[in-house]
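These notes are about the structure you will find just below.
The values are calculated or read from the model by the stated rules, or taken from the named source; none is laboratory data. These numbers were taken from a predicted model, which means no experiment stands behind them. Methodologically, a virtual Cβ is constructed for each residue, glycine included, from the backbone with ideal geometry; neighbour enumeration extends over all protein chains shown. For the accessible areas, the whole protein counts, side chains as well, though only heavy atoms, and no ligand, DNA or RNA atoms are used. Shrake-Rupley method; radii C 1.70, N 1.55, O 1.52, S 1.80 Å.
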Amino acid sequence: MATENNPASGPETATAPAPAPWYAAFPEPKTSPVATIPREQVLAMLKDASLVSGRDYVLVDLRRTDFEGGTIRGSINLPAQSFYTTLPAVYNLLKASGVKKVIFYCGSSRGRGSRATGWLADHIENVGDTNMQSLALAGGIKGWAVAGDEYIGWMDGYDAAVWAKSGEQ
């Protein structure tokens with residue numbers, strides 16, 4: 001029987017420690033704070049017919065299970081949880097394509113977005129590349145989706161119900 005003086009004699013009540021977050025398996029980016037790009041500038045890039053997505057810049061949506069509600073037109077989906085292990089191959093593909101700006105985003109660009117931006121920035125620095133930039137979209141997809149009709153018009157798969165449900169619209 002457990003008593004005030006002998007709590008260990010009672011049933012086990014300790015809870016298991018919470019599992020480590022996915023990013024704990026990888027090193028922290030050395031680049032901090034990361035460079036950001038405002039959504040207004042990204043929108044201008046999308047509208048500029050002289051710039052080509054996949055050549056001049058690449059938009060990378062880092063969401064995995066929360067990849068709903070739409071994505072910015074022309075984005076590729078590389079979930080953050082697998083990005084670090086594929087970083088050298090992704091960099092080589094981007095470099096071979098002549099990409100100058102890699103723009104990452106997640107929901108807010110403060111978690112996954114800033115990590116991926118930092119990891120690529122570290123890699124760019126380590127290989128001595130002075131032509132490629134790693135940037136996080138300020139405000140992430142949530143900021144984009146609530147910025148107005150002009151931004152929504154540049155989203156593929158936009159679903160207003162998802163943003164209303166999340167309280168973002």
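Report, by residue number, each residue of region 70-82 that is outside any loop (DSSP other than H, G, I, E, B) and surrounded by 18 or more Cβ atoms within 10 Å (Cβ to Cβ). If you could, list the steps in order and put the result at the bottom.
In the first step, residues of region 70-82 are kept if they are outside any loop (DSSP other than H, G, I, E, B); the result is 71-72, 76-77, 80-82.
Across region 70-82, the qualifying residues are T71, I72, A80.
Evaluate the following for G54: is it at positive phi, out of contact with any helix residue (DSSP H, G or I) (no Cβ under 8 Å at 6 or more places or on another chain) and modelled with pLDDT under 95? Explain how you work it out, then say what you get.
Numbers: at positive phi: yes; out of contact with any helix residue (DSSP H, G or I) (no Cβ under 8 Å at 6 or more places or on another chain): no; modelled with pLDDT under 95: yes.
Spelling it out, it is not the case that G54 is at positive phi, out of contact with any helix residue (DSSP H, G or I) (no Cβ under 8 Å at 6 or more places or on another chain) and modelled with pLDDT under 95.
Can you tell me how many residues in region 80-106 are hydroxyl-bearing (S, T, Y) and in contact with a strand residue (DSSP E or B) (Cβ under 6 Å, 6 or more places away or on another chain)? Give the derivation first.
Residues of region 80-106 hydroxyl-bearing (S, T, Y): 82, 84-86, 91, 97, 105.
Filter again for in contact with a strand residue (DSSP E or B) (Cβ under 6 Å, 6 or more places away or on another chain), leaving 105.
Here the count works out to 1.
I need the full set of residues from region 1-26 which are surrounded by 10 or more Cβ atoms within 10 Å (Cβ to Cβ) and at pLDDT 55 or above, in order please. Full working, then the answer.
Of the residues in region 1-26, the ones surrounded by 10 or more Cβ atoms within 10 Å (Cβ to Cβ) are 2, 10, 22-23, 25-26.
Once the filter is applied, which keeps residues that are surrounded by 10 or more Cβ atoms within 10 Å (Cβ to Cβ) and at pLDDT 55 or above, region 1-26 yields W22, Y23, A25, F26.
Is there any pair linking a residue in region 17-45 that is within 16 Å of F104 (Cβ to Cβ) to one that is open to solvent by 80 Å² or more (accessible area, probe 1.4 Å) and at pLDDT 95 or above, with Cβ under 7 Å and at least six apart or on different chains, and which?
Qualifying pairs under 7 Å: A35/Q133.
Taking region 27-58 as the search range and keeping residues that are in a helix (DSSP H, G or I) and open to solvent by less than 50 Å² (accessible area, probe 1.4 Å), which one is nearest to Q81 (Cα to Cα)? Steps first, please.
Filtering region 27-58 for residues in a helix (DSSP H, G or I) gives 39-47.
Restricting the remaining residues to those that are open to solvent by less than 50 Å² (accessible area, probe 1.4 Å) gives 42-43, 45-46.
Details: V42: 24, L43: 27, M45: 27, L46: 27 Å.
Among those that are in a helix (DSSP H, G or I) and open to solvent by less than 50 Å² (accessible area, probe 1.4 Å), it is V42.
If I103 passes every condition in (1) assigned to a helix (DSSP H, G or I); (2) open to solvent by less than 20 Å² (accessible area, probe 1.4 Å); (3) not hydroxyl-bearing (S, T, Y) but one, which one does it miss?
(1)
Quick check on D122: is it open to solvent by 40 Å² or more (accessible area, probe 1.4 Å) and either modelled with pLDDT under 95 or acidic (D, E) (or both)? Don't jump to the end; show me each part of the working.
Details: open to solvent by 40 Å² or more (accessible area, probe 1.4 Å): no; either modelled with pLDDT under 95 or acidic (D, E) (or both): yes.
No; evaluated as a whole, the condition is false for this residue.
Do you know which of the residues in region 59-69 that are open to solvent by 10 Å² or more (accessible area, probe 1.4 Å) and touching a residue at least 24 places away in the same chain (Cβ under 8 Å) is farthest from A164 (Cα to Cα)?
Result: D66.
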